[in-house]
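Notes for the one structure printed next.
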Amino acid sequence: MDLPVDEWKSYVFQKWSLLPKSIQVTISTAETLSDIFLHSSLLLQPEDEMFLQNLSRGYLVEKDPNAPLFYREEGNKKFQQKDYMGATVLYSKGISHSRPHTADISLCYANRSAALFHLGQHEMCLKDIMRAQMHGYPERLQPKMMLRKAECLVTLGRRQEASQTISDLESSFAAKPTLAAAQFQILQTNLCRLKMKAQEKESLTETFPAALTKALEDMDLKGENGQVPSASSSVSLRTDPLRGRYLVATKDILPGELLVKEDAFVSVLHPGEMPPLRHLESKWDTRVTNGDLYCHRCLDHTLATVPCDGCSYAKYCSHDCMQQAWDLYHSVECSLGGLLLTLGVFCHIALRSTLVARFEDASNVIRKLCGEIRNKDTCSPERETLVQTLTCDLGGESENKGKMLEPPVPGCDLNGKYESNYNAVFHLLPHTGNHSPEHRFLCALSVSALCRRLEAASCYKPAAAVPPGSGSELDVWGVAMLKHVLQLQCNAQAITTIQHTGSKENSVTNSRQVRLATGIFPVISLLNHSCSPNTSVSFISTVATVRASQQIEKGQEILHCYGPHQSRMRAAERQQKLRSQYFFDCSCAACQNEKHSAATGPRWEAFCCRSCGALMQGDDVLICGSTSCTESVSRDHLISRLQDLQQQVGMARKLLRNDKPERAIQLLLGCQRDAQSFLSGEHSLVGEMEDDLAQAYAALGDWQKSATHLQKSLRVVEVRHGPSSVEMGHELFKLAQLFFNGFAIPEALNTIQKAEKVLMVHYGPWNDEIQELQKMKSCLLDLPPIPAGPSVQGPNVFFQ
Ligand SMILES: [Zn+2]
Ligand SMILES: [Zn+2]
Ligand SMILES: [Zn+2]
Ligand SMILES: [Zn+2]
């Protein structure tokens, strides 16, 4: 997904392998990115572009005039089945394929407003009603929608608007005697009902403020950092030849302290792990992806997306986000949807970065790039003019022209300030020499193809001073984009969100981290890696926050995990991953320790002896660790037993999903007996089985048994991830829900407190789970004393 699709990859690799040796050598030994780019782009032939274009056509990114009706009808089916969520998404798909000011778009908006109404999303419903009207909703259908509008306004306590809408309705009835009698009567009855409701509703209920804006405002850094404005004053930027640029603590830092708060320079939403339509039989796609549920600009979750007027793939949470995206980058990207999906997220981010850079003073950066290109080429007068034109275009002549000082730390401005801007992005390391020649060729050719399309779409009209057809302006952009594509391998940051799963009846939610988007964060890129980091990163919208996950002493380096975490991978696997993706050998504390530790491997993967229960040791043949025991067994045998067990557990989960908890429990208890004979008690699968059992008992309403199993799972999680890890926080959250539902008040309060403490360190106070914990707490504290005991009547309202 980050890189181009496999078909294009193998096509380019094939092309590379067929190149004459001399050309391969020229490109492989090229010293600068501009050489690599210019040499490669000369090799891009029309047939290559044609091949790429055919691949791009596999994605449905344009508006299809026949799609709205299809999606609306599919949505109506879901609506009739009372699956309002499913209906909403399908209507959204219909909307995204409709042209503005057509019957299609207004009908889809109106239908979606009805689905949103049933979901209790009254604010969103009102917005959709407004949109339906704006796009010309048919007059004859108006009364029904106006009733819905009045009902929303009443529910929201907006009395004045409600009575206005009601009186408008009344006068429109009076003016329309043609309305069929039966229909008229239904509307009249509804109107009466609504009027009564409006009168009952005396007080104005508070409309919810934009919680998100508040969350971000409330999340302030402790003291301003003059050098790195997105970081707190508790850290400072350093540089040395071995570690490069890095951040250190300037004072003792407590767990949970906010160290960095940075908005992504750019971010690109992942379209989701769905194959393009060419692999499908149906022309239209009714599957739901992240692209349907999250704003393509701000990444907020939304059910009521607003599409781009020009394409079907870009969808936003609001008209504002759509307009901002259009002004910043989408006006150029709009027609390139299929190509960008084919070339992958890195190419997309590279393009978007250069587009966003147009709005900054990037003149120094561009001058540097042009200089690079000019030096390598014969210095033509056209190029000279181009440099000037581009510098002008990109923020005007700098006052410092001619007396450019090299700033002390790369990426800083002349005053030594490191900001989250294009200058900083530009100075992230591309590690050009570490990428294989084939990979560099793939990236260069992909970027060249992108440049040709930009040129064909005349997205970059050559400035008047540049002779037409010279194409040099595009070369500068091409080199910049190639640099970004190569940088991203080491500097891309996954933007994640916590998704909650769990059926509505089963009030215990599971949470899992999912990758939503990829972004560039120049300040977070300053952090070096550790397999056991001292920070934790989380996201609200496109803003990343880095918090201390443990105490950090003054002078210690601030470290972040690039992915291979010690609680998820063995040392050898981590080293391999870090070497191939990030080009370094990790020597963090965790890696050092593991080098010297025993041959048993991590405890969550350990096997135990079937006769004495001690841990088994060794590689191909495992021997019992107890000196008084002679048991031995081959690893292959144990691995195949483990695989069998995993399969059984998978079947139990399927039963659980299909609402058959009793049968799932039976199967899981059998699995547990099997596991005891060869897995360590702290094996991750043993923990997962306890978690599954907890879920199954919760589904049956047996909170006590459920809690007992969850506590066992909690112990395994603690061994693996540590007592204050984010994983532990999520488990404690689940346990708190169980005690809450079982009205085990002291246990619930105690667990809520523990969960809050752990989650606060990683997420800060605005995390959803923390908010829910606080609601639970106040609910429990307000309760009149009642005898504890199992109850299925738990206040499920908090768990959806
Ligand atoms: Zn948005
Ligand atoms: Zn568009
Ligand atoms: Zn390490
Ligand atoms: Zn033994």
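The values are calculated or read from the model by the stated rules, or taken from the named source; none is laboratory data. Just so you know, these numbers come straight off a predicted model, no measurement behind them. Don't worry about glycine lacking a Cβ; one is built from the backbone with ideal geometry, like all the others, and counts go over all protein chains shown. Keep in mind that these areas ignore ligands, DNA and RNA; they rest on the heavy atoms of the full protein, side chains included. Shrake-Rupley method; radii C 1.70, N 1.55, O 1.52, S 1.80 Å.
Please go through the stretch 555-577 and pick out each residue that is among the polar types (S, T, N, Q), within 10 Å of ligand 3 (Cβ to nearest atom) and in contact with a helix residue (DSSP H, G or I) (Cβ under 6 Å, 6 or more places away or on another chain). The one that is among the polar types (S, T, N, Q), within 10 Å of ligand 3 (Cβ to nearest atom) and in contact with a helix residue (DSSP H, G or I) (Cβ under 6 Å, 6 or more places away or on another chain): 566. Being farther than 21 Å from residue 303 by Cβ and of a type in the set (D, E, K, R) is a property that holds for residue 140. Exactly one residue out of 458, 507 is in a loop (DSSP other than H, G, I, E, B), open to solvent by less than 40 Å² (accessible area, probe 1.4 Å) and either within 16 Å of ligand 4 (Cβ to nearest atom) or modelled with pLDDT under 90 (or both): that is 507.
What is the residue count in the stretch 312-342 for residues that are assigned to a helix (DSSP H, G or I), more than 12 Å from ligand 1 (Cβ to nearest atom) and not hydrophobic (A, V, I, L, M, F, W, C)? Talk me through it step by step, then tell me what you get.
Looking only at the stretch 312-342, we keep the residues that are assigned to a helix (DSSP H, G or I), and these are 319-342.
Remaining after also requiring more than 12 Å from ligand 1 (Cβ to nearest atom): 326-342.
Applying the additional criterion that residues be not hydrophobic (A, V, I, L, M, F, W, C) yields 327, 329-331, 333, 335, 337-338, 342.
Here the count works out to 9.
Every residue in the stretch 315-329 that is closer than 15 Å to residue 92 by Cβ and within 13 Å of ligand 2 (Cβ to nearest atom), please. Scanning the stretch 315-329 gives 315, 316, 321, 322.
When the residues of the stretch 570-605 are filtered to those that are surrounded by 13 or more Cβ atoms within 10 Å (Cβ to Cβ) and part of a loop (DSSP other than H, G, I, E, B), the one that is farthest from the chain's Cα centre (by Cα) is 600.
For the stretch 299-311, which positions are within 16 Å of ligand 2 (Cβ to nearest atom) and surrounded by 20 or more Cβ atoms within 10 Å (Cβ to Cβ)? If you could, list the steps in order and put the result at the bottom.
At the first step, the residues of the stretch 299-311 found to be within 16 Å of ligand 2 (Cβ to nearest atom) are 305-311.
Once the filter is applied, which keeps residues that are within 16 Å of ligand 2 (Cβ to nearest atom) and surrounded by 20 or more Cβ atoms within 10 Å (Cβ to Cβ), the stretch 299-311 yields 305, 306, 307, 308, 311.
Within the stretch 554-564, the set of residues being part of a loop (DSSP other than H, G, I, E, B) and more than 24 Å from residue 435 (Cα to Cα) comprises 554, 555, 556, 558.
Residues that are of a type in the set (Ser, Thr, Tyr) and more than 27 Å from the chain's Cα centre (by Cα) within the stretch 711-746 comprise just one, 713.
Scanning the stretch 749-774 for residues that are among the polar types (S, T, N, Q) and closer than 17 Å to residue 499 by Cα yields 767, 771. A count restricted to the stretch 285-298 and to residues that are open to solvent by 20 Å² or more (accessible area, probe 1.4 Å) and more than 13 Å from ligand 1 (Cβ to nearest atom) stands at 6.
State whether one or more residues within the stretch 503-510 are over 20 Å from residue 731 (Cα atoms) and among the hydrophobic types (A, V, I, L, M, F, W, C). So that I can check it myself, show each step before the final result.
Initially, the stretch 503-510 is screened for residues over 20 Å from residue 731 (Cα atoms), giving none.
The answer is no, given that none of the residues of the stretch 503-510 is over 20 Å from residue 731 (Cα atoms) and among the hydrophobic types (A, V, I, L, M, F, W, C).
Against the test of being more than 30 Å from residue 698 (Cβ to Cβ) and either open to solvent by less than 80 Å² (accessible area, probe 1.4 Å) or more than 16 Å from ligand 2 (Cβ to nearest atom) (or both), the options 608, 624, 671 yield a single qualifying residue, 624. Scanning the stretch 718-753 for residues that are open to solvent by less than 30 Å² (accessible area, probe 1.4 Å) and either acidic (Asp, Glu) or under 19 Å from residue 602 (Cβ atoms) (or both) yields 722, 725, 728, 731. Just a yes or no: is a residue in the stretch 638-656 out of contact with any helix residue (DSSP H, G or I) (no Cβ under 7 Å at 6 or more places or on another chain), more than 16 Å from ligand 4 (Cβ to nearest atom) and of a type in the set (Ser, Thr, Tyr)? Yes - at least one qualifying residue is present in the stretch 638-656.
Here's the yes/no breakdown for (1) among the polar types (S, T, N, Q); (2) free of Cβ contacts under 8 Å to residues at least 40 places away in the same chain:
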site: 286; (1), (2): yes, no
site: 289; (1), (2): yes, yes
site: 294; (1), (2): no, no
site: 306; (1), (2): no, no
site: 311; (1), (2): no, no
site: 317; (1), (2): no, yes
site: 320; (1), (2): no, yes
site: 333; (1), (2): no, yes
site: 338; (1), (2): no, no
